[in-house]
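One structure is given here, and the rest of the page talks about it.
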Amino acid sequence: MADLARAAGRLVGVPLAAVARLRSGKPMHPRGAVFSAVLDRRGSDVAWGVPWLDEVGTQSVVVRLSRGAGLPAPLPDLLGLAVRLPSDSGTPIDLLLSTTGRGPVTRLLPAPRRDTAAVYSSIMGYRSDAGTLRFAALPEGHDVPSEPAPLADAVTRDGLSFTLAVARGPGPWVPFGRLVLGEAAGPLDPAIRFDAVLRPPPGLVPDGPMARFRAPAYARARAAGQD
């Protein structure tokens, strides 16, 4: 199964690389908006044995909201929420979440959406001392457009926030923090590349079929984007 996931990733990496050359290094999620944000990690009711989850702290972070295929609104698209956090090591931490369902099974299935204030999950699992963990961003509040320019205007004007949660296997989502977006960056979508496989939170190791698929596929896309 592991070899199959890697082989699929290498196979998909070929067209991704071709698209990356046409889309300035972004074969997926080519159109988005970048925001300043604050991540308030409050800990949770569960002791995970992972300091990054168990400890409290507030950080300034960067968030990119995007449309996966770059389809024009009002068509639904697979929406993305990427978070870049600073770390003590100097290497940033990246979380990549996509619109999914909220339940034990549907959290593993990509789901096209029109509204940015949707449920996002990592889909990819992380190996830890507590077992296989996944992350989610659960929306708080109002509808928000997903087309980059109207999205930037709406978030800058009205704000947008998510509850961050973690789950072990098919277990319930357990809140551990809150993500509050601020003003849009200028320019609207600066060149910033996220990689959840290479830059996971400390104490967590990307694992499972999705991680093994992503690694070779993303490597080809990164190389093509640097050509």
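The values are calculated or read from the model by the stated rules, or taken from the named source; none is laboratory data. What you see is a predicted model; the values in this text were computed from it and never measured. Note that each Cβ is placed from the backbone with ideal geometry, even for glycine, and that neighbours are counted across all protein chains shown. Ligands, DNA and RNA are stripped out before the accessible areas are found, and what is left, the full protein with its side chains, is counted by its heavy atoms. Shrake-Rupley method; radii C 1.70, N 1.55, O 1.52, S 1.80 Å.
Between ARG168 and ASP115, 0.36 nm times their residue separation minus their Cα-Cα distance comes to what?
On the way: separation 53, 0.36 × 53 = 19.08 nm, distance 2.69 nm.
Full extension from ARG168 to ASP115 adds 16.4 nm.
Determine the per residue accessible area of the range 29-113 with all protein chains present and a 1.4 angstrom probe, expressed in square angstrom. Display every interim value, and only then the final one.
On the way: 3700 Å² over 85 residues.
Solvent-accessible surface per residue comes out at 44 Å².
If DNA, RNA and ligands are ignored and the probe is 1.4 Å, what is the ranking of ARG42, ARG31 by accessible area, most exposed first? Intermediate values should be presented prior to the final figure.
Working: ARG42 140, ARG31 75 Å².
Output order, biggest surface exposure first: ARG42, ARG31.
With a point put 7 Å past each Cα toward its Cβ, work out how far LEU71 is from THR58 in nm, to one decimal.
Using points 7 Å along Cα→Cβ, the separation is 4.0 nm.
By the gyration tensor of its Cα atoms, with a ≥ b ≥ c the square roots of the eigenvalues, what is the shape of the range 102-184: rounded for a/c under 1.5, prolate for a/b over b/c, or oblate? Write out the running numbers ahead of the final one.
Numbers: a/c = 2.75, a/b = 1.93, b/c = 1.42.
Prolate.
State the Cα centre-to-centre distance between the range 22-87 and the range 99-145 in whole Å.
Taking the Cα centre of each part, the range 22-87 and the range 99-145 sit 11 Å apart.
From largest accessible area down, sort VAL205, VAL174, VAL105, VAL166; use a 1.4 Å probe on the protein chains.
On the way: VAL205 65, VAL174 25, VAL105 100, VAL166 0 Å².
Per-residue accessible area, sorted high to low, gives VAL105, VAL205, VAL174, VAL166.
List every residue whose amide H lies under 5 Å from the amide H of ARG113, counting only residues 5 or more places away in sequence or on a different chain, with H placed 1.01 Å from N in the peptide plane.
For ARG113, the qualifying residues are ASP77, LEU78, LEU79.
About its Cα centre, how strong a charge dipole does the range 21-144 have in debye, to the nearest 20, once Lys and Arg get +1 and Asp and Glu get -1 at the Cβ? Each step should come with its number before you reach the end.
Working: 15 positive and 11 negative charges, 145 e Å.
The calculated dipole for the range 21-144 is roughly 700 debye.
Can you give the local net charge around ASP94? Use residues other than it whose beta-carbon is closer than 11 angstrom to its beta-carbon, Lys and Arg +1, Asp and Glu -1.
Spelling it out: positives minus negatives among the neighbours equals +3.
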